[in-house]
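Data block below; observations after.
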Amino acid sequence: MEFFKNITTNTIVLTPNRRLSATLHKRYQQYQLDQGLTTWQTPTILPVTIWIHQLFKEYADKTFSPIPLLLNTSQELLLWEKIILSTKDNEQLLRIAETAELARSAWSLLLQWQVDIEHTLFTSGEDCAALYQWVKAYQAICEKNQWIDTAVLPHYVMEKLTSREIIAPDLIITVGFTEHSPQLKTLFESCVNSGSTLTHLDGFSEESDCKRLNALDNEQEIQAMARWAKSLYAKNPHTMIGCVLPSLDKMRDRVAQIFSEIFATDDTYTVDNQNHFFNISAGKSLSHYPVIHTALQILSIQKKTLALEIFSHLLLTPFIGEAESERIQRAHYDLTLRANNKNIIHLDALLEQDCPLLAKRFQQFLNIIADNNVFLSYTSWANQFCNMLYALGWPGERSLNSEEYQVVESWLNLLSEFETLDQVGPSVNFQQALHHLKKMATHHVFQVQSPAAPIQVLGLLEAAGMPFDYLWVAGLDDIAWPPQPKPNPLIPKRLQRDLHMPHATAERELTFCKIITEQFQQSASIVIFSHAEKREQLELQPSSLIRMLPKIALDSLALANYIPPSARIFEAREKELFIDNQAPSVLAHEKINGGASVIKQQALCPFKSFAEWRLHARAMESPLPGLRATDRGKVIHKSLELIWNALQDQATLIALDKETLNTIIQNCVESALNTIPHSHREFKQYIALEKQRLMQLMLEWLAIEKQRPPFKVVSNEKSIPFTLGSLALNVRIDRIDELQDGTALLIDYKTGKHNDINHWFGDRPEEPQLPLYSLIEPLHATSITFAQVYAGEYGFKGISYDEIDIKGVKPIAMIKKANGLSWNEQLEEWRVTLTQLSHDFYHGIASVDPKDPDDTCTWCALQPLCRINETLEVAT
Ligand code: SF4
């Protein structure tokens, strides 16, 4: 590069960003090596903002005059927030933090574009007038306290240059700037007035071959870009390749994934971010890194209770104490809490037998939770945060990997910056301190350092002005490039338009984008501009700024081969067909606790029955607010049991007056509700509503029971041991009624509404409970029925040996599915069918054979275990 010749010891090369500075340093090294030198003086090549800070620091170090405090970004934002909050009429403003950021950026723009805040247009609208008020207050506070901020710093440095308290360099070379703000121009003028020579270098004026192409969509565009870069890298690993995406910050993770998959070798599927091929700029918010997310969750614990969602995360995260040594117990505990639908966890009641080490940690932790009424300095709160994290053993016992280590380092730096808020803010309570810390962690964009790489994946502004050998700029469609104008809402629009301030108007955006596009055209010998044809439902055209370039087709490029990992895995499959339908028979000591459900599952799908009752494989439950459907069903069963224990027969029911019946129902429902888990009973209002609903349900159901012929309840929720074939089961019959003729009616309560007696028939009955109960001797059941206790659709659905005068219970002769069998013949058929199912279960028949895949498998969570989808594929 020609301009390297001009660099002397008192030359400053200024760039718009760090990345360009680093690149120029590298190029300078190469330049000196090419000159045959082995040693040379490192030149001063800096981003302009760093140079200004450096001038200030050098001045501060040598002067004896009082130096103002230079505020950091967090301090500035805190100050803006304070001012906005304290300004009259702003009490109702909801998004204070966002407004503070907007005000800070408006203030910075005003200074960069040298706008006078006293301009009459600032009285023209509510928002501009608000900014005027805030700026005046901000200036007054800064002046009173001798503070300056980053926006004012160039003015401060300018003054010192003019008074010769800061010495300007002999030569200033600016490289890669798209434009200089008026403030920067004035600063450079001060340097020139003080004796500097100023040179601007816009780009690198490469002889370049520029083309444009289009891809189907964004995904194809990024993939092609990565494959192109890989192919160039394969030809020459020392080539500098730029891959530029305007919205890289929004899609960084996806871009990283695509590049990582494409650069994977034949025997790997991805490369990690410590690879030596490519480097992706644009970090992510510090709070989005898992180790920091856990830290912020820990700090947010302010009470002795915690929602299961958060507690579950703490049970499973590797970033708290003893997470490795106690991981099995913690995972089990998580499952137990979910199974019990425990939504709220009482941290002080964590049982030592579940996770002793974690329980101990929480005991220590709860002792140091701060009182929110205490006001302390930010430094004291930073200590408190550290103590809280320490008490829970953050960041965990396993060694951190390189990325986690860097993230934790960055967190510690953030805490140091947090402490500097003491210089500008008064004492705060815990919640206020935590709010500031969270905000800082969210705004702090952190990028993990990775080794230098020949392929740079960059955002648009970082790439502008950078020299490459090859460059691909993606995403230049007619909507994104130039983008819509986005003027600052707090600065009068007319002023922004007249002064050509950034993002003020469509013309301004067009001019700016044109300059950048031209810069890109000169940044490498081969430049490709691309755009996607479609985004979501939107048809896209190339941006008018690249439309004139010659178009090339995607397949004319030399792209590295790429087969997506999923396809590679699929291709590499070695199919081994192994039908394993046979499990070992039930062992003598094996206890099967399932009752009639075992037979039901065996009928629905033998594998499901085997997996659930013998392997105990079940889906992990998700806690729900309030009672789950199964819990509600249990409470209804219990209420009915208690009511019939009290009533005993229909005659008593009919004889009772309304008030007494209500009292019985109320007592029974209350007792039933007392059986639900304790944690739910804390929600008193919810339980009161549930009680009201249940009482109404019971009252309406009993009205149905009154309409039947007389009966006596002879058994309620009775457990009966029963052997079917070789299988010993313990069945629980909801209710047995003795009818007028002395026969028994077996009742199965159903609290849903889709109950079908046709599910009792065939060789795979889906609801075999009642048929099974009817086989139990000596119950002598001659009728069986579902009792549908469902608001608005109450009723019986059953069959009997003969007419028994209960609406919904039909004689067997009327049931088509019974195929004309008598009651005793039907019982015999059930005996054979159910015994066969029990026999199959006992002897380990575990075929993946759902009765109706579309129905049976829909709500079954065992698909990854039974691999039904693979089975279906083999079958077809
Ligand atoms: S998903 Fe279907 S085939 Fe698999 S166990 Fe469940 S019911 Fe059986």
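Things worth noting here:
Matching residues to (1) in a helix (DSSP H, G or I); (2) surrounded by 18 or more Cβ atoms within 10 Å (Cβ to Cβ):
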site	(1), (2)
479	no, no
484	no, no
491	no, yes
517	yes, yes
546	no, yes
568	yes, no
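- Test: residue in region 804-812 that is farther than 30 Å from residue 707 by Cα and either more than 14 Å from the ligand (Cβ to nearest atom) or in a loop (DSSP other than H, G, I, E, B) (or both): no
- Residues in region 427-465 that are touching a residue at least 12 places away in the same chain (Cβ under 8 Å) and more than 30 Å from residue 24 (Cβ to Cβ): 14 in all.
- Among the residues here, residue 500 does not qualify as buried (at least 17 other Cβ atoms within 10 Å of the Cβ) and more than 27 Å from residue 219 (Cα to Cα).
- Filter result (without any contact (Cβ under 8 Å) to a residue 24 or more places away in the chain and either under 11 Å from residue 226 (Cβ atoms) or aromatic (Phe, Trp, Tyr) (or both)) within region 239-276: 257, 260
- Selection within region 757-780: residues that are under 22 Å from residue 641 (Cα atoms), surrounded by fewer than 22 Cβ atoms within 10 Å (Cβ to Cβ) and of a type in the set (A, V, I, L, M). The member of this set that is farthest from the chain's Cα centre (by Cα) is 779.
- Cβ-Cβ distances below 6 Å connect the following pairs, each with a first residue in region 603-614 that is under 17 Å from residue 768 (Cα atoms), a second residue that is part of a helix (DSSP H, G or I) and within 6 Å of the ligand (Cβ to nearest atom), and a separation of six or more residues or different chains: 604/856; 605/856.
- The residue that is farthest from residue 388 (Cα to Cα), among those in region 342-371 that are among the aliphatic types (A, V, I, L, M) and in a helix (DSSP H, G or I), is 349.
- Note on region 408-426: residues that are crowded, with 17+ Cβ neighbours inside 10 Å and modelled with pLDDT under 95 total 2.
- Count of region 840-850 residues which are in contact with a Gly (Cβ under 9 Å, 6 or more places away or on another chain) and surrounded by fewer than 16 Cβ atoms within 10 Å (Cβ to Cβ): 0
- In summary, residue 834 fulfils each of the numbered conditions (1) surrounded by 21 or more Cβ atoms within 10 Å (Cβ to Cβ); (2) in contact with an Asp or Glu (Cβ under 9 Å, 6 or more places away or on another chain) with the single exception of condition (2).
- The residue of region 139-161 that is nearest to residue 17 (Cα to Cα), among those that are of a type in the set (Val, Ile, Thr) and surrounded by 15 or more Cβ atoms within 10 Å (Cβ to Cβ), is 150.
- Matching option when the condition is farther than 30 Å from residue 658 by Cα, in contact with a Gly (Cβ under 6 Å, 6 or more places away or on another chain) and not aromatic (Phe, Trp, Tyr), among 729, 724: 729
- Number of positions in region 1-60 that are touching a residue at least 24 places away in the same chain (Cβ under 8 Å), of a type in the set (A, V, I, L, M) and surrounded by fewer than 16 Cβ atoms within 10 Å (Cβ to Cβ): 2
- The selection criterion, being crowded, with 19+ Cβ neighbours inside 10 Å and more than 16 Å from residue 829 (Cβ to Cβ), holds for residue 745.
- Candidates are the residues of region 600-627 that are among the hydrophobic types (A, V, I, L, M, F, W, C) and more than 15 Å from the ligand (Cβ to nearest atom); the one that is nearest to residue 585 (Cα to Cα) is 620.
The values are calculated or read from the model by the stated rules, or taken from the named source; none is laboratory data. Everything numeric in this text was worked out from a predicted model, so none of it was measured. Don't worry about glycine lacking a Cβ; one is built from the backbone with ideal geometry, like all the others, and counts go over all protein chains shown.
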